[in-house]
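J.: Have a look at the structure that comes next, please.
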Amino acid sequence: MYNFEMTRPSTIADAVKALKEEDAQALGGGQTLIPTLKQRLAMPSILVSLTAIGEMQGVCMSDAGEVCVGGATTHATVAREATAYPGLAAMAARIGDPAVRNRGTIGGSLANNDPSACYPAAALASGASIITNSREIAADDYFQGMFTTALEEGEVVTEVRFPVPEKSHYEKFVQPASRFALVGVMVAKYADGVRVAVTGASESGVFRWTEAEAALSANFTADALGDLSLDGDGMIADLHGSGAYRAHLVKVMTGRALKAAI
Amino acid sequence: MPKDNTQTDGGIGASTLRREDIRFLTGEGMYTDDIQLQGQTHAVFARSDVANGVIKSIDTSVAAAMPGVLAVFTGADFAEVGGNPAGWLINSRDGEPMKEPKRPVLAHGKVRHVGDAYAAVIAETRAQAMDAVAAIEADIQELPAVINMADAVKGGSLVHDEIETNVCFDWGWIEDNRAATDAAIKAAPHVTTLELVNNRLVPNAMEPRASTADYNKGTGEYTLYTTSQNPHLTRLLISAFVLGIPENKLRVIAPDVGGGFGSKIYHYGEEALVLAASKKLKRPVRWTASRSESFLTDAHGRDHVTKIELACEKDGTFIAFRTETMANVGAYLSNFSTVTPTFLHGTLMAGNYTVPNVYVNVKAVFTNTAPVDAYRGAGRPEATYSIERVIDMTARELGMDPVELRRMNFVKPDQYPYASAAGLEYDSGNYDRQMDKLEAMIDRDGFEARRIESAKNGKLRGLGLNAYIEACGIAPSNLVGILGARVGLYDAATVRVNATGSLAVMVGAHSHGQGHETAFPQIVADMLGIDPESIEIVHGDTAKIPFGMGTYGSRSLAVCGSAMVRATEKIIVKAKKIAAHMLEASDADIELVDGQFTVAGTDKSVSFGEVALKAYIPHQYPIEDIEPGLEETAFYDPANFTYPSGAYACEVEVDPETGKVTIEKFAAADDFGNIINPMIVTGQVHGGIGQGIGQALIEQTSYDSDGQLLSASYMDYAMPRADDMPFYQVNHDDGTPCTHNPLGVKGCGEAGAIGSPPTVVNAVIDALQRGGKNITHIDMPLTPSRVWDAMNAKGV
Ligand SMILES: Cc1cc2nc3c(=O)[nH]c(=O)nc-3n(C[C@H](O)[C@H](O)[C@H](O)COP(=O)(O)OP(=O)(O)OC[C@H]3O[C@@H](n4cnc5c(N)ncnc54)[C@H](O)[C@@H]3O)c2cc1C
């Protein structure tokens, strides 16, 4: 770790101001950033902790019936309080271990956009809106490949709004070491169609499996996937599995998510 | 001598709770990194990020001038001191001694693996030292790395240019049996051949390695606090081989140590560096490994590539085992890297069986990877895995029941002492009895019903059963000396009775998770008939304990415990003399029962405490005949190895859609001879099996072709967690006592890790076979992707 300053503002406005300083960086739960700092892979001048900002905390319902999660809300809080969206709560309950869930935040997870993280799949499958200090970004526009998002320098995820599906389930096949998703699939059924988002698998990060969406929108039953399949090309290949294996798992996990959702 | 295993008075056989846990579990342990010394400074190492390279130049001038920097060392500073030696000389089949390239304190001339330290900075703070390390300018010309053993043996790029080969030795065991074994296999009606990999493991002790050196310029004495399993051995290596510090001026303290599993047996360069730096600066110098340094530089385990053949008659009678193994030793010879794949592996290659022919060939191979050395089980897991996998395969080929095939070849109880074809003399055992117990524990008869139930849920269920035998308490010194050991393998204990009747027992064994502080007093208390709470175990400090060889190879109880028994016997002899004087009787008439010395057949007695007091306040004392004091030391050099054995069973479910294996049941029937503390033994078995399951299913150490460690953190290196493990059924009752040590004990520290990997793999293969898949072998770890790949390979 290199030396850095630290500030803990209590409003979004102060946080945004603090982040304008050169080499300032937002700090959510620190579950990704602190290990990075320990390995001296980042050298921020000042860390702007978002955890004391009351307006970024907690879970509530919007007038439009969306589940709204404050950008600095921990996974444990979502697991406990997002009861209106059980698929989301159950997803949050399986992130990492208790220590990670009690520190890690939704804003940090979405800002980081780890290709194996769970939240991106939930946000994308829900067609969530990512609210920042300056704008609202649709999930479909937000995720732009591994560790890449639409966020600008210094932009803060203040809230995430999830339309609540009729039925949903997140199915995660864990990588044996990290227990992140080797492949994770979120299936969410809305009145106007089914969305299927896949994490862990693709070299381009979280993605929607549109063929599956079409099939399930037409027929939301356990065998609706039929002989749909994905290609291993463009899938992540590493010591935990080949591209072909991941492509296969996407199908299996989608089928299981579907079964659980029904 | 031990009484039955159910005694509950705190002596032998009692499941006394571990007294050391109070401090471990309440954060009161004192580990090396907890020791803070006045004026301490911090060492940080510059480590190679290439696997093979020539050091063209190292410019430390900028680093040396940075804030807080006190000294910078490079390999050149240690060019004149000795190398860290291999503890065992192995001769090749042709009689040539093994190749022993120097292992320097810091790499000099060449770096040989990622993580190889070539410089070190000492500074006032750790952060300053890290900054200065980043400012060292090393011009290292990268060379092609030698990673794969099959490539390494062909030559080409060399790890050590001066030895002109990457093969350290080419060993045959027993070379005189080679021709007979070859002929027997050639003539055999049935031969099963299996090629397998015993996967490389990272030890991952919870506490990373740490060393703090404190040179006292007033006395010229060095104190080294270090994470060691054997402080005397570390002192000996540093004194006699590396730095030449006289033994009387070097005190090595291994305080609480948070796990070792073998990786802390060895002397490492960091220990020498902090000692030399402390001498130069006249200030304490400390270093604690980061977890990343642990992954890159702790001696790894296993890493064998093996071809094993089992020849047998048509009815399954074993004729011969023949093994060809390449054993990775990594970039340098760690202290026991040469004995582990040879005498701790080849001598076990007859297993529990009456096979007449055994021949083992082992080539030890240098590669540009971290050194490989003994890791929980050390050689015996490799032997057991090869034998017990090939037997399962043979059973399948012959259409025989795998348990029946084993039983018909077991050494039988009336055959002991049994001279195995691999050169050992097994003293005791009863493999059929363990197998009987095991089949009942796992409810083998109920397996088919459970399998059908699993199938209903879309899962393939399989059952694996196997036996194992291992060898603990490596000895005797005379024999190992002939075989190439450069150390003795006895141990020592001093029993000091205090004036008020409490005891301090100073032992050469070192406890770093084993529970010696609880189990050892149970023995002495039993012998003296006193309360175990009045006995303190002292270990881990060369200034306090007799010269012992530390803890590894499940030797502590069998070897050091035996020394403790001998010392306590001497105490009893002397105490009886004192008691006889006090009671005005003859020594021969004195009996020690429940802590009272009594004149046989009378009610005249004195207590142990009264005798102790008399020894230290020798008024009215026969000073001409008996020295004052009550303190005795004994060294014990065993007559033979001990031979724990057992039978393990595992039931798994395989998810055919994902390849994921889950362990549904695991049963272990072990024979550890007599048991001192059954609860501690159960814990050791649980931990060992946990490590075995980790090796079998998830632990994967992977280097890429450039020698970068791909699994260099917990993001990619999977350690078994609680939910990866089943509830174990463990039984170690009715052991056959060891016949040659006074406690009749065999050792239990490694058994779980030795017996379990083949059990798990046998179970998975069984599940796949029963599921209609023509799969005969998958290399460990059986991760979901590997199992799925195997199931989806062509022709399966
Ligand atoms: C052992 C372990 C296991 C894990 N397992 C899983 C898992 O199974 N599934 C999973 O999905 N995740 C997992 N994680 C990740 C974890 O859940 C966190 O979501 C993740 O680390 C980031 O969240 P954070 O709040 O800790 O962010 P930080 O580490 O504080 O920050 C991460 C990045 O996001 C930026 N940032 C933080 N908050 C905001 C914000 N509100 N607006 C804009 N930028 C922001 C930071 O500047 C930084 O660049 C695991 C982590 C660990 C350590």
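The values are calculated or read from the model by the stated rules, or taken from the named source; none is laboratory data. Since this is a predicted model, take the numbers as computed values, not measurements. Neighbour counts are summed over all protein chains in view; Cβ atoms, including those assigned to glycine, are modelled from backbone coordinates with ideal geometry.
J.: Of (1) crowded, with 20+ Cβ neighbours inside 10 Å; (2) within 14 Å of chain B (Cβ to nearest Cβ), A:L239 satisfies all except one. Which?
T.: The single condition A:L239 does not satisfy is (1).
J.: Here's another thing I want to ask about it. With the requirement that a residue be closer than 15 Å to B:V681 by Cα and either modelled with pLDDT under 95 or of a type outside the set (G, A, S) (or both), what does segment B:710-736 give you? Break it down into steps so the answer makes sense when it comes.
T.: So in segment B:710-736, the residues closer than 15 Å to B:V681 by Cα come out as B:728-735.
Answer for segment B:710-736, where residues must be closer than 15 Å to B:V681 by Cα and either modelled with pLDDT under 95 or of a type outside the set (G, A, S) (or both): B:Y728, B:Q729, B:V730, B:N731, B:H732, B:D733, B:D734.
J.: Okay, next question. In segment B:532-546, which residues are outside any strand (DSSP E or B) and buried (at least 16 other Cβ atoms within 10 Å of the Cβ)? Full working, then the answer.
T.: First pass over segment B:532-546, keeping only residues outside any strand (DSSP E or B): B:532-534, B:539-540, B:542-546.
Scanning segment B:532-546 gives B:P532, B:S534, B:H539, B:G540, B:T542, B:I545, B:P546.
J.: Based on this model, can you work out whether A:K189 counts as of a type in the set (D, E, K, R) and within 14 Å of chain B (Cβ to nearest Cβ)?
T.: Values: of a type in the set (D, E, K, R): yes; within 14 Å of chain B (Cβ to nearest Cβ): no.
Answer is no for this residue.
J.: Within segment A:167-180, is even one residue under 10 Å from the mean Cα position of the chain (by Cα) and more than 9 Å from the ligand (Cβ to nearest atom)?
T.: Narrowing segment A:167-180 to residues under 10 Å from the mean Cα position of the chain (by Cα): none.
So far as segment A:167-180 goes, no, none of its residues is under 10 Å from the mean Cα position of the chain (by Cα) and more than 9 Å from the ligand (Cβ to nearest atom).
J.: Next up: Of B:N368, B:N335, B:N352, B:N361, which residue is polar (S, T, N, Q) and surrounded by fewer than 24 Cβ atoms within 10 Å (Cβ to Cβ)?
T.: Details: B:N368 fails: surrounded by fewer than 24 Cβ atoms within 10 Å (Cβ to Cβ); B:N335 fails: surrounded by fewer than 24 Cβ atoms within 10 Å (Cβ to Cβ); B:N352 fails: surrounded by fewer than 24 Cβ atoms within 10 Å (Cβ to Cβ).
Answer to the check: B:N361.
J.: Confirm whether B:V652 is touching a residue at least 24 places away in the same chain (Cβ under 8 Å), of a type in the set (A, V, I, L, M, F, W, C), away from chain A (no Cβ under 12 Å) and touching a strand residue (DSSP E or B) at 6+ places or on another chain (Cβ under 7 Å).
T.: On the way: touching a residue at least 24 places away in the same chain (Cβ under 8 Å): yes; of a type in the set (A, V, I, L, M, F, W, C): yes; away from chain A (no Cβ under 12 Å): yes; touching a strand residue (DSSP E or B) at 6+ places or on another chain (Cβ under 7 Å): yes.
Yes, satisfied.
J.: Here is a further query. Taking the condition surrounded by 24 or more Cβ atoms within 10 Å (Cβ to Cβ), more than 11 Å from chain A (Cβ to nearest Cβ) and among the polar types (S, T, N, Q), does B:T783 pass? Break it down into steps so the answer makes sense when it comes.
T.: Numbers: surrounded by 24 or more Cβ atoms within 10 Å (Cβ to Cβ): yes; more than 11 Å from chain A (Cβ to nearest Cβ): no; among the polar types (S, T, N, Q): yes.
Here the answer is no, as B:T783 does not meet what is asked.
J.: Hand me the list of strands (runs of 3 or more DSSP E) wholly inside segment A:1-106 holding 3 or more residues that are surrounded by fewer than 14 Cβ atoms within 10 Å (Cβ to Cβ), of a type in the set (V, I, T) and within 13 Å of the ligand (Cβ to nearest atom). It would help to see each step written out before you state the result.
T.: Details: elements: A:5-7, A:24-27, A:46-49, A:59-61, A:66-70.
Of the strands (runs of 3 or more DSSP E) lying wholly inside segment A:1-106, none has at least 3 residues that are surrounded by fewer than 14 Cβ atoms within 10 Å (Cβ to Cβ), of a type in the set (V, I, T) and within 13 Å of the ligand (Cβ to nearest atom).
J.: Checking A:A117 against (1) farther than 21 Å from A:E153 by Cα; (2) of a type in the set (A, V, I, L, M, F, W, C); (3) away from every other protein chain (no Cβ under 14 Å); (4) near the ligand (Cβ under 9 Å from one of its atoms), only one condition comes out false. Which one?
T.: Answer for A:A117: the failing condition is (3).
J.: Do the conditions hold for B:G529, that is, is it at negative phi, of a type in the set (G, A, S) and either in contact with a Gly (Cβ under 9 Å, 6 or more places away or on another chain) or at pLDDT 95 or above (or both)?
T.: Working: at negative phi: no; of a type in the set (G, A, S): yes; either in contact with a Gly (Cβ under 9 Å, 6 or more places away or on another chain) or at pLDDT 95 or above (or both): yes.
When the stated conditions are applied, B:G529 does not pass them.
J.: If a residue counts only when it is hydroxyl-bearing (S, T, Y) and within 33 Å of the chain's Cα centre (by Cα), which strands (runs of 3 or more DSSP E) contained entirely in segment B:31-122 have at least 1 such residues?
T.: Working: elements: B:41-47, B:53-59, B:69-74.
Qualifying strands (runs of 3 or more DSSP E): B:41-47, B:69-74.
J.: In segment A:205-213, is there at least one residue being within 14 Å of chain B (Cβ to nearest Cβ), within 16 Å of the ligand (Cβ to nearest atom) and among the hydrophobic types (A, V, I, L, M, F, W, C)?
T.: Step one: of segment A:205-213, the residues within 14 Å of chain B (Cβ to nearest Cβ) are none.
No: segment A:205-213 contains no residue that is within 14 Å of chain B (Cβ to nearest Cβ), within 16 Å of the ligand (Cβ to nearest atom) and among the hydrophobic types (A, V, I, L, M, F, W, C).
J.: Go through (1) more than 19 Å from the chain's Cα centre (by Cα); (2) more than 14 Å from chain A (Cβ to nearest Cβ) one by one and return the number of the condition B:S711 breaks.
T.: It is condition (2) that B:S711 fails.
J.: Next up: Looking only at segment B:478-500, which residues are of a type in the set (G, A, S) and either surrounded by 20 or more Cβ atoms within 10 Å (Cβ to Cβ) or under 26 Å from B:T384 (Cβ atoms) (or both)?
T.: The initial filter retains those residues of segment B:478-500 that are of a type in the set (G, A, S), namely B:481, B:484-485, B:488, B:492-493, B:499.
Answer for segment B:478-500, where residues must be of a type in the set (G, A, S) and either surrounded by 20 or more Cβ atoms within 10 Å (Cβ to Cβ) or under 26 Å from B:T384 (Cβ atoms) (or both): B:G484, B:A485, B:A492, B:A493.
J.: Just checking, does segment B:671-682 include any residue being within 14 Å of chain A (Cβ to nearest Cβ) and of a type in the set (S, T, Y)? Before you say what the answer is, go through the steps one by one.
T.: Initially, segment B:671-682 is screened for residues within 14 Å of chain A (Cβ to nearest Cβ), giving none.
Within segment B:671-682, not a single residue is within 14 Å of chain A (Cβ to nearest Cβ) and of a type in the set (S, T, Y).
J.: Can you list residue pairs whose Cβ atoms sit under 6 Å apart, with the first residue in segment B:481-509 being over 12 Å from B:E536 (Cβ atoms) and the second being among the hydroxyl-bearing types (S, T, Y) and part of a loop (DSSP other than H, G, I, E, B)? Count only pairs 6 or more apart in sequence or on different chains.
T.: Filtered contacts from segment B:481-509: B:A509/B:T551.
J.: OK, next. For the condition within 14 Å of chain B (Cβ to nearest Cβ) and of a type outside the set (S, T, N, Q), what is the one hit in A:F180, A:F220? Break it down into steps so the answer makes sense when it comes.
T.: Values: A:F220 fails: within 14 Å of chain B (Cβ to nearest Cβ).
So the residue among A:F180, A:F220 that is within 14 Å of chain B (Cβ to nearest Cβ) and of a type outside the set (S, T, N, Q) is A:F180.
J.: Any idea how many residues of segment B:547-592 are under 21 Å from B:P628 (Cα atoms) and in a loop (DSSP other than H, G, I, E, B)?
T.: The number of residues fulfilling the criteria is 3.
J.: Oh, and also: Looking at segment B:92-115 only, could you name the residues that are of a type in the set (A, V, I, L, M, F, W, C) and free of Cβ contacts under 8 Å to residues at least 60 places away in the same chain? Before the answer, list the steps.
T.: Here is the first cut: in segment B:92-115, the residues of a type in the set (A, V, I, L, M, F, W, C) are B:98, B:105-107, B:111, B:114.
Once the filter is applied, which keeps residues that are of a type in the set (A, V, I, L, M, F, W, C) and free of Cβ contacts under 8 Å to residues at least 60 places away in the same chain, segment B:92-115 yields only B:A107.
J.: Looking at (1) surrounded by fewer than 24 Cβ atoms within 10 Å (Cβ to Cβ); (2) in contact with a Gly (Cβ under 9 Å, 6 or more places away or on another chain); (3) away from every other protein chain (no Cβ under 12 Å), which one does A:L230 not meet, given that it meets all the others?
T.: (2)
J.: List every residue pair whose Cβ atoms lie under 6 Å apart, where the two residues are 6 or more positions apart in sequence or sit on different chains, the first residue falls within segment B:80-91 and is surrounded by fewer than 18 Cβ atoms within 10 Å (Cβ to Cβ), and the second residue, located anywhere, is modelled with pLDDT under 95.
T.: Every condition considered, the pairs that remain are B:L89/B:G484.
J.: For residues that are outside any helix (DSSP H, G or I) and surrounded by fewer than 24 Cβ atoms within 10 Å (Cβ to Cβ), tally how many sit in segment B:287-305. Break it down stepwise before answering.
T.: Initially, segment B:287-305 is screened for residues outside any helix (DSSP H, G or I), giving B:287-290, B:298-305.
Remaining after also requiring surrounded by fewer than 24 Cβ atoms within 10 Å (Cβ to Cβ): B:288-290, B:305.
Residues in segment B:287-305 being outside any helix (DSSP H, G or I) and surrounded by fewer than 24 Cβ atoms within 10 Å (Cβ to Cβ): 4 in total.
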